[in-house]
Amino acid sequence: MNIEERFRSEPLRELYDYWLSLRGEKPAPARSQVDPMAMTQILPHLGLFDVVNNPRRYRVRIMGTEVVAWYGCDVTGRYLDEIDLGPDPAPVFAILDHVVATMTPAHMMGDYVKQDGRQIRYERLVLPLSSDGRETDMLLGASLRIEPSA
């Protein structure tokens, strides 16, 4: 199944189509090409992450207001390995590492219980960004909450 067939939400499909339009013939567009005003519907669900190497880490540059609201706090400026991603965050980091290494998008759905007892269910799209066209230096992601009863 290709990535387009996996989307359950229209905003993620629109973000993916926008990313494709920016990418053109390159493996990934640059952050400078991304116009937040072209993505107003998904903007509250976006996250922008710096890719840090040696060792590999992901720093949250921007986190959308909707994600902050359902996650429970603003994690802007923090590294993903410092926040509560559930009891086993290894699969999330494996997917992010794969996006960085291959410069290909990833779609995932998941759920976990945070340390405060709240259940987090989400649909997420992670897209590579590259300022030089050769290496992924940022990730553009969008997470949409799925109600626990769904």
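All of the numbers you see were taken from the coordinates with simple rules; none came from a lab. Values in this document were obtained by computation on a predicted structure and should not be read as measured data. Note that we place each Cβ from the backbone using ideal geometry, even for glycine, and neighbour counts take in every protein chain shown.
Quick notes on this one:
- R57 long-range amide H proximity, modeled H, under 5 Å: V52
- The mean sequence distance of close C-alpha pairs (under 8 Å, at least 6 residues apart), as a share of the length of the stretch 11-105, puts its relative contact order at 19 percent.
- Each Lys and Arg Cβ is given +1 and each Asp and Glu Cβ -1; about its Cα centre, the chain then shows a dipole of about 120 debye.
- Selection from M63, W19, T76 lying farthest towards where the dipole of the chain points positive, charges on Cβ: T76
- Relative to the longest principal axis of the Cα atoms of the chain, the long axis of helix 10-23 makes an angle of roughly 30 degrees.
- Restricting the stretch 1-94 to trypsin sites (Lys or Arg not before Pro) in coil, as DSSP defines it, with at most 12 other Cβ within 10 Å: R8
- Using the empirical formula 2.2 N^0.38 Å as the baseline, the Cα radius of gyration of the chain reaches a ratio of 0.99.
- Note, ³J(HN,Hα) from phi for the stretch 107-121, Karplus 6.51, -1.76, 1.60, rounded to Hz, x at Gly and Pro: 10, 8, 10, x, 7, 7, 9, 5, 4, 7, x, 7, 8, 10, 10
- In the chain, helical runs assigned H by DSSP with n ≥ 4 each contribute -39500 (n - 2.57); averaged across all residues and rounded to the nearest 500, the mean residue ellipticity at 222 nm is -7500 deg cm²/dmol.
- Peptides 41-48, 115-122 ranked from most to least packed give 41-48, 115-122, packing being the mean of other C-beta atoms within 10 angstrom over each peptide's residues.
- Angle in degrees between helix 90-102 and the longest Cα principal axis of the chain, rounded to the nearest 10: 0 degrees
- Theoretical gain in end-to-end length, R145 to V113 [0.36 nm per residue, Cα-Cα removed]: 10.2 nm
- Sequence-distant residues sharing a close amide H with I62 (under 5 Å, placed H): L48
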